[in-house]
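Below you'll find the structure, written out as structure tokens, and then a few comments.
Here, each number is a calculation from the coordinates, and none is a lab measurement. From a predicted model like this one, the values you see are computed outputs, not experimental measurements. Note that we place each Cβ from the backbone using ideal geometry, even for glycine, and neighbour counts take in every protein chain shown.
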Amino acid sequence: MTRRILPVLALVCAVGSLTAVAALAQSAKREFTVDAKKFAFSPAKIEVSEGDMVQITLVPADIPHSFTIDAYKIAKRAEPNKPVTFEFLCDKPGTFRFYCNLTIDDGCRRMAGELVVRRK
């Protein structure tokens, strides 16, 4: 009985591994440079597909700024001449607000944009 189960178990594990690799291969890596200056993000709208791996490089030009998306638990801070790069998997479809969570200046509170994750 055990001799019959082992080959089947090995086949199930192999198929599961191949499925995971295929899913990763289908997801795209999307790279964006987000400029932060004069209390605005550029681009202010980022559009991707569910399953995409997103790489953001945050480049503040004037004062320190942050890039925060509550739904994805992201809060990254960067300073002028010290950009920060980070990645995350867009596994939740929908429209999500990103914003600067710093309080250096009142204008920081108005800095906002949106991440649109389209369902596959």
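For Glu50 and Ser27 in one chain, what is 0.36 nm times their gap in residues minus the Cα-Cα distance, to one decimal in nm?
Working it through step by step, the gained length comes to 7.5 nm.
In whole Hz, what ³J(HN,Hα) sequence does the stretch 103-109 give by Karplus (6.51, -1.76, 1.60; θ = phi - 60°), x for Gly and Pro?
Whole-Hz 3J(HN,Hα) from phi for the stretch 103-109: 10, 4, 9, 4, x, 4, 5.
For the stretch 59-107, place one equal point scatterer on every Cα, skip the solvent, and apply the Debye formula. What is log10 of I(q)/I(0) at q = 0.12, 0.18 Å⁻¹?
Once normalised to I(0) and log-transformed, intensities are -0.29, -0.61.
Express the Stokes-Einstein translational diffusion coefficient of the stretch 27-118 in µm² s⁻¹, to the nearest whole number, given a Kirkwood radius over alpha-carbon pairs, 20 °C and a viscosity of 1.002 mPa s.
D, rounded to a whole number, is 165 µm²/s.
Taking the Cα centre of the stretch 27-118 as origin, work out the dipole magnitude from +1 charges on Lys and Arg Cβ and -1 charges on Asp and Glu Cβ, in debye rounded to 20. Walk me through the numbers before you get to the answer.
Values: 14 positive and 13 negative charges, 19 e Å.
Magnitude of the dipole: close to 100 debye.
When we measure straight from the Cα of Lys45, which lysines land under 20 angstrom away, once same-chain ones fewer than 8 places off are left out?
Cα-Cα hits under 20 Å: Lys29, Lys37, Lys73, Lys76, Lys92, Lys120.
Which FRET efficiency value, to the nearest 0.05, do you get for Lys82 and Arg118 by plugging their Cβ-Cβ distance into 1/(1 + (r/R0)^6) with R0 = 35 Å?
Working from the Cβ atoms, E equals 0.60.
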